[in-house]
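A short reminder: the numbers here are calculations on the coordinates, not readings from a lab. What you see is a predicted model; the values in this text were computed from it and never measured. All Cβ positions, even for glycine, are placed from backbone atoms using ideal geometry, and neighbour counts span all protein chains on display.
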2 protein chains.
Amino acid sequence: MLKYDLLREKMNQGKLDAVVAISPENVFYATGSLIITQKLIRPRLAIALLPIDKDPVFIVCGIEESLAKAESWMKDIRSYIEFKESPIDYLTDVLKEKKLEKASIGLEEDYLGIQYFETLRSRLPSVNFSDCGHIFEELRMIKSEEEIELLSDAAKATRKAVDAAFLSTKEGDSEKDLANKIRSNLFEMGADEITFLVIGVGKRSSIAHPLPGEFPLTKGEIVRLDVGALWRGYNSDVARTASIGPPNNEQKKIYKTLMEIYREVIQNMTVGKKFCDPFNLCRELYESRGLSFNFPHIGHNMGIGLHEHPMVSPEDKKPLQENMIINLEPFYRSPDGYGYHVEDLLLIRRDGPKVLTGSNLGDQIPIIE
Amino acid sequence: MLKYDLLREKMNQGKLDAVVAISPENVFYATGSLIITQKLIRPRLAIALLPIDKDPVFIVCGIEESLAKAESWMKDIRSYIEFKESPIDYLTDVLKEKKLEKASIGLEEDYLGIQYFETLRSRLPSVNFSDCGHIFEELRMIKSEEEIELLSDAAKATRKAVDAAFLSTKEGDSEKDLANKIRSNLFEMGADEITFLVIGVGKRSSIAHPLPGEFPLTKGEIVRLDVGALWRGYNSDVARTASIGPPNNEQKKIYKTLMEIYREVIQNMTVGKKFCDPFNLCRELYESRGLSFNFPHIGHNMGIGLHEHPMVSPEDKKPLQENMIINLEPFYRSPDGYGYHVEDLLLIRRDGPKVLTGSNLGDQIPIIE
């Protein structure tokens, strides 16, 4: 789904002759080919070389060549022999072949390890290397309609997988039982991979990322979960809090307050606002209600990456733009140690934000009966 | 499960005052705490500083502090505020506090991005940085009895999850149907995460890593799968080939030949042999039977990492040692484009290799009826 024209424009602005994608996210974005072992076996590098005025080259491990050829729009796909040939040496040779040995080349400097970089620098001493991570970040920030549809379907399916699991889970079941229902539902609905699933019952609800365990869903408690899956290379990410059995007044009240704040913040996610604005509004709304607020962010853009920039954080002054896809996820930790958390996917449009998860954002806490 | 004494010994040999673990695998190995977002959200660094003669420090993002404190044996756990504080600046401050500003410090140079390294180097100009990846590699290479038990249970559960899915799948079901049965079984048996699951029916069996699709399991075809899961931070990895309906003579023959080779190679996985030996033997056995052989490796060590070193490859001259855990996985591509693949987990013991998956390594290809 790479917009090569836009990439070339940005390379031109940055005076770059070529960029090299090397992180799993940007290689998938640039090539359209999802090489899953790139994440699992990090030394098995996959590399996309995108020159400004020459044909791009996709370099993969031999074992992945057939997949790359089947999936990528790139014509020039080359493979190295694992353990025998170094993928970075291979890249160096291709750069020389493309007469880029004196070029300005953008690298992903937060991903590329020092060892690899030292090899590039020593074998290509006249190349001017700089960072190009921000270029991919900017390109991926605004989603295409195709990406929006994919992310929207994924968000809705994930929300439904959780809702259905709440309905088929009962008091006394364990976190793992609930987890397995969500997992089955997600795979039935077409998820390729579950990237994370954290569930915490009782006071475990306040831990950020607890793996589901044998802890029973005990009547009177709350349970918090946060789940993400991958759908053709794109993420979903939904968080929910439910009460086990009818909620008590305190639980009802906290949840209702959280949802009131949530809806108000969402309404203010409009084009032209800065990303720090909804964050600051959220903090004000917490504080005006006497709720403690101590979070570095309350949301993030999402797409091929789980957390993409901009973040809904006090430091982020970038503007909200049309066709950004944002997960908003306020969290509340009660003084007695419980965590309440909701998270839905938003699409920013000219006429206001759309809730893609299809949630009604109602005041009533979901109940596991 | 870190052996700190052994680490100190290796630091001493390498004249290092401290090592810094930063990859998800080595941070988990060093601290015992599984910070899943470290993989999912790469800039959210988790860092373990292990000095040779001072107390270790575990640096995590604020949101992960409660989990780190609950899980890690380390006492000194500190957290940075995401987006506001840079984890690398935070590490720099701790290194100064620990009076390591003129020390020799080992880094994971294949993982640490250039940007982070440049920050370290500019803020700590008198530190002598070098690579310590090989130290962790060596430490993790020989498994403890506790690790062996965990990996053994995981391997057996994964093999059983696949066997059971073959029994409950029928001709005409899709790759996805088979995938979902394996997934359910794995989660029912306690897997925390499925790291990968590739399935290919018919000629898709020869693609290395195809995601399961709607392709039907058609009578007369074969199906190949390779699946890995995570169990309390440790991997399982099993590959199988099955026929759909009774196998024809050609399928029977190829599978039987593959298993004969497989058993012979396994028998030769004995202490003191070099890792290239079983590889070379496997190649000889293929070639003596007229089977084409063109693979960079036929197996790998495994543990916290999916592919750990040594590899069963022609380049790897390291010796097989007691308590290594190896996935052996010969693959055969038939001239007409089908892929046959088996993979089991082996434990190297003084008295010979043990097959931990509990497979009987028999000649008969599994059948989906």
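Structure values in brief
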read-out	value
Value of relative contact order over chain A, rounded to a whole percent, pairs C-alpha under 8 Å and six or more apart	14
Burial order of peptide ranges B:82-93, A:11-22 (average beta-carbon count within 10 Å, highest first)	A:11-22, B:82-93
Cα gyration tensor of chain A - equivalent ellipsoid semi-axes, whole Å, descending	42, 23, 17
Nearby aspartates and glutamates by direct alpha-carbon distance to residue A:84 (threshold 18 angstrom, same-chain neighbours under 8 apart not counted)	A:64, A:65, A:93, B:110, B:277, B:308, B:315, B:316
Helix axis angle, A:87-97 relative to chain A longest principal axis, alpha carbon, degrees	50
Surface/4 estimate of mean projected area, convex hull on alpha-carbon atoms of segment B:4-140, nm²	7.3
Amide N of segment A:59-89 lying under 12 Å from the label point, which is placed 7 angstrom from the Cα of residue A:4 along Cα→Cβ	A:73-76
Fraction of the pair-distance distribution of segment A:211-369 above 19 Å, Cα-Cα pairs, percent	54
Using alpha-carbon coordinates, inclination of helix B:145-168 to the longest axis of chain B, degrees	40
Neighbour-limited loop hits for GluC sites (Glu not before Pro), segment B:288-353 (at most 13 other Cβ within 10 Å; DSSP other than H, G, I, E, B)	B:322
Average other protein chain Cβ within 10 Å of Cβ, residues A:293-302	2
Rg over Rh [alpha-carbon atoms, Kirkwood Rh] for segment B:144-186	1.16
Inter-chain Cβ neighbour average for residues B:38-44, partner chain, 10 Å	5
Calculated Rg and Dmax of the protein assembly as shown using C-alpha coordinates, Å	25.8, 80
Spin-label pair residue A:101/residue B:144, simplified geometry with 7 Å Cα→Cβ offset, distance in nm	5.2
Helix A:175-188 axis, angle to chain A major axis (alpha carbon atoms, nearest 10°)	50
Compactness index (Cα Rg / 2.2 N^0.38 Å), segment A:15-80	1.02
Cα pair distances in segment A:117-176, grouped into 5 Å bins until the bin that holds the longest one, percent each	4, 13, 10, 10, 10, 9, 8, 10, 9, 6, 5, 4, 2, 0
Shielding by partners - mean other protein chain Cβ count within 10 Å, residues of B:171-177	1
Computed label-point distance, nm, for sites residue A:322 and residue A:214 using a 7 Å Cα→Cβ extension	5.6
